[in-house]
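Heads up, the thing below is written out as structure tokens.
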Amino acid sequence: MLKFKRILVPVSGSPSDRDAVALACNVAKASKGKIYVAYVIEVKRELPLDAEIDKEVGQGERILDEAERFAEEIPCTIETDLLQAREAGPALVDEAIERNVDLIIIGVPYRKRFGEFYWGRVPPYILRNAPCQVWICREAISAG
């Protein structure tokens, strides 16, 4: 059985975040692991990296609070972190390295772009660059 002592779950505010947090909680319970949930604010290049961006900070805090509330329902304890970076992918890989995580679980919404499944920029970057295992938790294709 695989043991994951430290799990990172990036969140973005999509419904797939719930599934990723739930999966992380179940995996962490089985291996007595710790869960870190991170939201990244992407700071525009014309602003300093540590700029105070109240609107984005508020949104990030709401998303992290929602993840905490959902984890409490399971019940499960998570640690949340609000990060500011130029790009989310590299910031999350750096966070995984810094926290020495064993696993990253990414929730991916099902959406199409130009008629094909599209999962954005962040999951492919993490898959290519993360030093640990990466699990993708894609939401179901809606019947509509």
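The values are calculated or read from the model by the stated rules, or taken from the named source; none is laboratory data. Nothing here was measured: the structure is a model prediction, and the numbers come from that model. In this analysis, Cβ positions are derived from the backbone assuming ideal geometry, glycine residues included, and neighbour counts consider all displayed protein chains.
What the table below lists for this structure:
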| quantity | calculated |
| --- | --- |
| Candidates Leu64, Leu82 - the one that is at pLDDT 95 or above and touching a helix residue (DSSP H, G or I) at 6+ places or on another chain (Cβ under 9 Å) | Leu82 |
| Boolean, Val57 is touching a Lys or Arg at 6+ places or on another chain (Cβ under 7 Å) and farther than 20 Å from Trp135 by Cβ | no |
| Residue match in segment 27-34 (condition: buried (at least 19 other Cβ atoms within 10 Å of the Cβ), in contact with a helix residue (DSSP H, G or I) (Cβ under 8 Å, 6 or more places away or on another chain) and charged (D, E, K, R)) | no |
| Of all residues in segment 128-144 being modelled with pLDDT of 95 or more and not aliphatic (A, V, I, L, M), the one that is surrounded by the fewest Cβ atoms within 10 Å (Cβ to Cβ) | Arg128 |
| Test: residue in segment 119-127 that is within 20 Å of Lys5 (Cα to Cα) and either surrounded by 14 or more Cβ atoms within 10 Å (Cβ to Cβ) or at pLDDT below 90 (or both) | yes |
| Residue in segment 60-75 that is within 15 Å of the chain's Cα centre (by Cα), aromatic (Phe, Trp, Tyr) and part of a strand (DSSP E or B) present | no |
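Let's see how each residue does on (1) in a helix (DSSP H, G or I); (2) among the basic types (Lys, Arg); (3) closer than 15 Å to Val108 by Cα:
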| site | (1), (2), (3) |
| --- | --- |
| Ile7 | no, no, no |
| Ala20 | yes, no, yes |
| Ala38 | no, no, yes |
| Asp50 | no, no, no |
